[in-house]
1. Can you list, bin by bin at 10 Å, the percent of alpha carbon pairs in the range A:20-78, starting at 0?
2. At q = 0.16, 0.21, 0.22 Å⁻¹, work out log10 I(q)/I(0) for the range A:67-161 with the Debye formula, treating every Cα as an identical point scatterer and leaving solvent out; two decimals please.
3. Can you give the accessible area of A:Val281, probe radius 1.4 Å, in Å² rounded to 10?
4. Give a residue-ordered list of calculated ³J(HN,Hα) values for the range B:270-276 (Karplus: 6.51 cos²θ - 1.76 cosθ + 1.60, θ = phi - 60°; whole Hz; x for Gly, Pro).
5. Could you please state how large a percent of the accessible area of chain B is carbon and sulfur, counting protein chains only and using a 1.4 Å probe?
6. Which value, in Å², gives the accessible area per residue of chain B when a 1.4 Å probe is used on the protein heavy atoms?
7. Compute from the Cα atoms of the protein assembly as shown the Rg and the Dmax, the latter being the longest Cα-Cα distance, and quote both in angstrom.
8. Specify the inter-centroid distance of the range B:10-72 and the range B:145-171, based on alpha-carbon positions, in whole Å.
Amino acid sequence: MNTREIIARCEHLFEDLRFGAVKEWKAAKPGRKAIGYMPIYVPREIIHAAGMLPVGIFGGGDQLEVIQGDAYYQSYICRIPRSTLELGLTGRLDCLDGMLFPSICDVIRNLSGMWQIMFKDKYVKYFDVPQNYDDAIGGEFYVHEMQQLREDLGKLAGKEISDEQLRASIAVYNENRKAVRELYAYRAQEPWQAPTSELYLVLRAGCVLPPEEHTQVVRAYLAAARTEERPRRDNARVVLSGSFCEQPPLSLIKSIEMSGCYVVDEDFQLIQSWLLDEVPVSGDPLEELSKAFLHRSISTSSKYDERKEDKGKFLLKQIKDRGAEGVVFAAASFCDPALLERPMLQGILAQHKIPYTAFKYSENTGQMAPIREQAGTFADSIKLWSAA
Amino acid sequence: MSTPIQIVPGTSTPKKPPPAQKEDSMLLQKELINGNYHELATAREMNRKVSATFVPGNLNELLMCFDFARSLPETNALQNGMRKKSGKMIMDAERDGHSEDVCTYVKADLGMMLQGQVGPTGEALPTPDVLLLSYTGCFTFMKWFELIRQKYDCETVMLHVPYQGDGRISKNMRDYVLKQLKEKVIPTLEKVSGVKFDIDRLRQYMKESVKAEEDLVWTLQSAKHKPSPIDGYFGAVYYIGPIFTAFRGTPEATKFYSVLRKEIEQRIREGKGPVTPEGEHPGEKYRLVVEGPPNWTSFREFWKMFYDEGAVVVASTYAKVGGVYDFGFRHDPDHPLESLAEYCLGCYTNLNFPQRIDMICKYLDEYQADGLLINSIKSCNSFSAGQLLILREVERRTGKPAAFIESDLVDPRYFSAANIKNRLESYFQMVKQKRAAGMGAKPAGHAPMPPIVPAPTAH
């Protein structure tokens, strides 16, 4: 398959807010179950080991008309909880047997309790992760939390999840993460060959496909992208930061690219690159997942930075490793974690004389002209500065 | 006994308000709070180390074990709000790059720093030596102290308190908090203060805490009387002040709550309602439960809207934000660290939605309230996100009318007096109609009256 065909399939999966792929997967074998998860991170390995399909729910995007969901939220709350509720209330999430609400912010946290009340027949869990990174403290807490999830899903599946099943699932996700890392590296190397608007769709396919199949899609795209010749432009290389929960519309990503930026790294789908290297398949599987989370995972604003000097380190590394020339801070309106983090990161970039620009969006932002204008001016200014 | 005192006039208020009526306990409370600001202002000359921490999950007894002078940035922000100083602070923080979308407590605090760190009473506040990030029920706390740490560059210690997502405190959650206290928090406080931890000293403070907690619960529950001798929201702000801040575990707090209790006992004997800034309450026409924090910038004006309508708040969730004591929890001198963990895990905003709804329904029943009012605060997602479901659920379960108003903590731009007043008036009319129709006792299968809520906003 060529990139156009692969992207067409991924785009279809992305746009299907009835989750046909999930329904098909469940229908293929009686008794199969699917568990939804919201951004930013849950250990999908446990869901997979239970024989279930992990399904990423990232709101309703710009194609969903939110009617009922709006009745539950004030105007000053971001859009993702209202569109997620809309998905639930209109029956689009009926194919899910449960929902996990990770520890990301107060809005998603509260949504977990709302879900308990509104969807009583579903398994619902607020999934807490530690903000203490010592193995004996945060690690122990986290292993217990994962164990609880393992037991819950085991009950739902009708059989316990064995260590062997967990190890096998870790291996599946190691392969998936490896493929995603390769794709990221390739995009940074030749962003004109693998534009972010395409990479995004390839990653979003991972929200609804089984990981084994998704790995194949990623590899197929990578292989196809390497063989196709695409025009190279004199664009500015930027990292996009702050879009880890409510997603920008695809047209916004395209607009940034059209304005003269190559997005060489971003944080749209953190779950797929959260663990930075392979999780060992020997040893206690939950302990290995815990160690990977505590010591070898990415930094984002929902995670506590233990030391002052840790702040911004990850972003600086992204900039350096990807050869970026500037940062575009793109945060969802009313996103507390991203918007509270932003001034700190901007201060650090200023210290390092790295240019940045910032704007807000919501998942249904429709007016792209101002974004194009701002990103284009930013790209031009980078080109001017670097020439000076 | 009540004594008239002068409230500091607001810069944006065109007319000077008449002197506010306050009870002796309120004056004593003010003395305590101002005394703490003076203690902070003079901490350096007294060679004392300074800590900063938050109200929910406040480990005051533990901090006292290390002789810290204790600052609480939330109360600094609200005190500045009540003194009409927060508006400029917030705008200064926004000019400094902070988003208009985020918590105004944070911005008021950062704005105060930008203005030279002058505290609400006019005395300069010292830079803290340690930020105790007891992160209970609100993610913003974490970012708040990260922001302050970037500026102050002082020691920061995190106490991560897991959320009661399943509506209970598991052993794993308790053990996690306890371990952090033993292995992270206490060693850091020892290092910063140079004082060795003495668990017997902690026990001693906790014995005082229990006395104050008993009297606080008695005070809050006195609102079950008819008429209620207290206001469980506006008045409760004064009552919770000492115990939620730098005084839990001190003899001063014990004395304050003892004075308060005597005062209220007297009011019950005399059949009196609450004292308000406008004077004695004119007579209890409506009994309400309120969910959500108050607005601080127009606190008196807001309270007066209730006073004018003869409404008394008999119970509020905000009065539980620094600790839920009325369902039996007390600090336990025999198990001091364990009870600190339990306390943090049990603060109101650490409860899940079904627990919060249960609590409100219980209040409506036990305090024989006419209905629920939600004051939804723009700044506070921890409280506000999902409150419209709380409103629907409470109406469905109790059959009692509910209303929804919106304001902010300390941003005067988000207090629209006319809108709030209109909505309150409509709400009270609805309560009256319900009474006339003999409704409201039970849901009884019929559809409840539509709640007073803002029109849905396209987003």
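The values are calculated or read from the model by the stated rules, or taken from the named source; none is laboratory data. Values in this document were obtained by computation on a predicted structure and should not be read as measured data. With ideal geometry, Cβ positions are generated from the backbone for all residues, glycine too; neighbour counts draw on all protein chains shown. Surface accessibility is based on the protein's heavy atoms, side chains included, excluding ligands, DNA and RNA. Shrake-Rupley method; radii C 1.70, N 1.55, O 1.52, S 1.80 Å.
1. 19, 37, 28, 15, 1
2. Result of the Debye calculation: -0.77, -1.07, -1.12.
3. 70
4. 8, x, 8, x, x, 8, 10
5. Working: 8410 of 15980 Å².
Accessible surface attributable to carbon and sulfur in chain B totals 53 percent.
6. Values: 15980 Å² over 459 residues.
Result: 35 Å² per residue.
7. Over the protein assembly as shown's Cα set, Rg and Dmax evaluate to 27.4, 90 Å.
8. Cα centroid to Cα centroid, the span is 23 Å.
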